[in-house]
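Engineer: Quick one: this structure, given as structure tokens, is what I'll be asking you about.
The values are calculated or read from the model by the stated rules, or taken from the named source; none is laboratory data. Everything numeric in this text was worked out from a predicted model, so none of it was measured. Note: ideal-geometry Cβ built from the backbone for every residue, glycine included; neighbour counts use all protein chains shown. Accessible surface is based on the protein model in full, side chains and every heavy atom, while ligands, DNA and RNA are left aside. Shrake-Rupley method; radii C 1.70, N 1.55, O 1.52, S 1.80 Å.
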Amino acid sequence: LQELLQGALDQVSLEREKFQRERENVHAERDALEKGWATLRREESKLAEEKQQLERSRRAFGEEKEFVASLTAGSNDLISLNFGGERVVTVKRSLLTQFEESMLTRMFCGLYDDKLDRDKDGNVFLDYAPSVMMPLIDFLRLRRDNPQVAADAPTEYTKAFVSMVNFFGLDRILPPPPPPPPSPPPPPPYKFSGIKLDVPIESLQGWTLIHSASYDHPTTVQDFQPPDGLQGGALLVGARRKGSTKLALAAMGDASAVVAATEGETTHLHNGVHWYCCQQRSVGFSPTATVSLCAADVAEESGDKRLSWHLNGFGGYRAGSHLCGYYPTGSQHWEKIIFATPLKLFDDPSVLDIKAQACRERPPPTSW
């Protein structure tokens, strides 16, 4: 009997504990539900307040809009504007308040007249030059007279004009700036035929200097090789006294013609000039087909128009009538000059007869 009683008591205790846990769970759920309802009531209250605020703002905007409309309805509502202290222009208020959402409309809607800067005569002062403001005034007049047709943009969109338009909030209303005019094509390179004397370097428009070295510098055919971007065109070869602004003599021709290989004392005629590029001897030009390559050209006929540079590893040699050294020292008072242009300047059939093999230099002789 005692065992049955004890078992019944244990069963009652278990049921009591189970009931207690269920009651605690119910209380916890009730607390959570009450907190949720409290949060919901706060959100509803906040939403109602925001709705009231929005309604007040809407009424205020409507009142402001009606007030602006009443101000702009009168034809005698004029505003005098002082542009940078340089010019005073009088316009209707309605001209400035065409676009409701712009800063310009808010400034001149009538609510802030007492806050606008004014000069000593009471004119509204805008710190923009007339040259910047007047194109805007003209644009506003065109849009007022025909709002269905987009007015042309000012012909010049200066940085000051763009800055002013952005400040007034009209950047979305004005048409985009016109594209800049295309850049004019570069002038064609300076071109001549034959051999010229006393050529001003500043006249060589369209040409790029690719080589400049004193006459004591050993000449190689690589000196005539234009860098990337200047290949495939023409070369201008000349000489000048150091520091001079003129080339004492110069000639130009197709790049392939200038360094086309020749043999012995032969030359080829191109662009009114006799060119030669003889291995182991020299490279240069002459006014006649007669040259005396020993190893550079030493011919005396028309000597002022002869140019000859050693290709045997030594410096020198000739700049017109001036002999600029024969031995390795050459001359430091004269400069060898080469210009290049990538443009094809010459359509000379004689170039087609020139051997394609370029002149090559070989090691200098061990003795003379």
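Engineer: Springs between alpha-carbon atoms under 10 Å, Gaussian network over the chain: tell me which of 86, 63, 15 tops the mean-square fluctuations.
Structural biologist: 15
Engineer: Determine the percent antiparallel among the DSSP beta bridges restricted to the chain, to the nearest 5.
Structural biologist: 90 percent
Engineer: Springs between alpha-carbon atoms under 10 Å, Gaussian network over the chain: tell me which of 118, 56, 241 tops the mean-square fluctuations.
Structural biologist: 56
Engineer: Using a cut-off of 23 Å between alpha-carbon atoms, which lysines can reach residue 191, once sequence neighbours fewer than 8 places away in the same chain are excluded?
Structural biologist: 246, 305, 336, 344
Engineer: Still on this structure: Under a 5 Å amide H to amide H cut-off, with H placed in plane at 1.01 Å, what residues pair with residue 292 once short-range neighbours are removed?
Structural biologist: Counting only residues 5 or more places away or on other chains, the set is 298, 299.
Engineer: Still on this structure, I have one more. Could you work out which residue, out of 124, 88, 26, moves most in a Gaussian network model of the chain, that is, has the largest mean-square fluctuation with Cα springs under 10 Å?
Structural biologist: 26
Engineer: For the chain, what is the calculated [θ] at 222 nm in deg cm²/dmol (nearest 500), taking -39500 (n - 2.57) for each run of four or more DSSP H residues and dividing by its residue count?
Structural biologist: Details: 6 runs with 110 residues, N = 368.
About -10000 deg cm²/dmol.
Engineer: Taking amide H atoms as placed 1.01 Å from N in the peptide plane, list the residues 5 or more away in sequence, or in a different chain, whose amide H sits under 5 Å from that of residue 279.
Structural biologist: 262, 360
Engineer: Using θ = phi - 60° and the Karplus relation 6.51 cos²θ - 1.76 cosθ + 1.60, list the HN-Hα couplings for the stretch 318-323 in order, rounded to whole Hz, with x at every Gly or Pro.
Structural biologist: Residue by residue, the stretch 318-323 yields 10, 10, x, 7, 8, 8 Hz.
Engineer: Ordering 114, 216 from largest to smallest accessible area (1.4 angstrom probe), what's the sequence? It would help to have the intermediate numbers written out before the result.
Structural biologist: Details: 114 130, 216 40 Å².
Sorted by accessible area, descending: 114, 216.
Engineer: Please sort 3-13, 195-205 by packing, taking for each peptide the average over its residues of neighbouring beta carbons within 10 angstrom, highest first. List each step's numbers first, then the result.
Structural biologist: Details: 3-13: 9.5, 195-205: 14.7.
Most protected by this proxy first, the peptides run 195-205, 3-13.
Engineer: Using a 1.4 angstrom probe, figure out how much accessible area the chain has per residue, in square angstrom, rounded to the nearest whole.
Structural biologist: Working: 22460 Å² over 368 residues.
That works out to 61 Å² for each residue.
Engineer: Per the Kirkwood definition applied to all pairs of different Cα atoms, how many angstroms is the hydrodynamic radius of the chain? Please report the intermediate quantities before stating the final value.
Structural biologist: On the way: mean 1/r = 0.0334 Å⁻¹.
Roughly 29.9 Å, rounded to one decimal.
Engineer: Pairs of Cα atoms under 8 Å, at least six residues apart: use those to get the relative contact order of the chain, whole percent. Walk me through the numbers before you get to the answer.
Structural biologist: Details: 611 pairs, mean separation 48.5, N = 368.
After rounding, I find 13 percent.
Engineer: Pop out the ³J(HN,Hα) list for the stretch 220-229 in order, Karplus 6.51 cos²θ - 1.76 cosθ + 1.60 with θ = phi - 60°, rounded to Hz; leave Gly and Pro as x.
Structural biologist: Karplus values, whole Hz, x for Gly and Pro: 10, 5, 4, 4, 8, 7, x, x, 4, x.
Engineer: From the phi of every residue in the stretch 279-284, what ³J(HN,Hα) in whole Hz does the Karplus formula 6.51 cos²θ - 1.76 cosθ + 1.60 yield, where θ is phi - 60° and glycine or proline is x?
Structural biologist: With coefficients 6.51, -1.76 and 1.60, one gets 4, 6, 10, 7, 10, x Hz.
Engineer: Moving on. Using the alpha carbons of the stretch 78-139, what is the convex hull volume per residue in cubic angstrom, as a whole number?
Structural biologist: 82 Å³
Engineer: Quick one: pull the percent of accessible area on the chain belonging to carbon and sulfur, 1.4 Å probe, ligands and nucleic acids left out.
Structural biologist: Numbers: 11960 of 22460 Å².
Of the solvent-accessible surface of the chain, carbon and sulfur hold 53 percent.
Engineer: Based on the mean of other beta carbon atoms within 10 Å per residue, what is the order of 30-40, 100-110, most packed first? The partial results should precede the final answer.
Structural biologist: On the way: 30-40: 10.0, 100-110: 16.9.
Top of the packing list down: 100-110, 30-40.
Engineer: Can you pull out the GluC sites (Glu not before Pro) in the stretch 251-308 whose DSSP state is coil and whose Cβ has at most 12 other Cβ atoms within 10 Å? Before the final figure, lay out the partial values.
Structural biologist: Numbers: sites: 263, 265, 300, 301; in loops: 263, 265, 300, 301.
Within the stretch 251-308, the qualifying GluC sites (Glu not before Pro) (loop, at most 12 other Cβ atoms within 10 Å) are 263, 300, 301.
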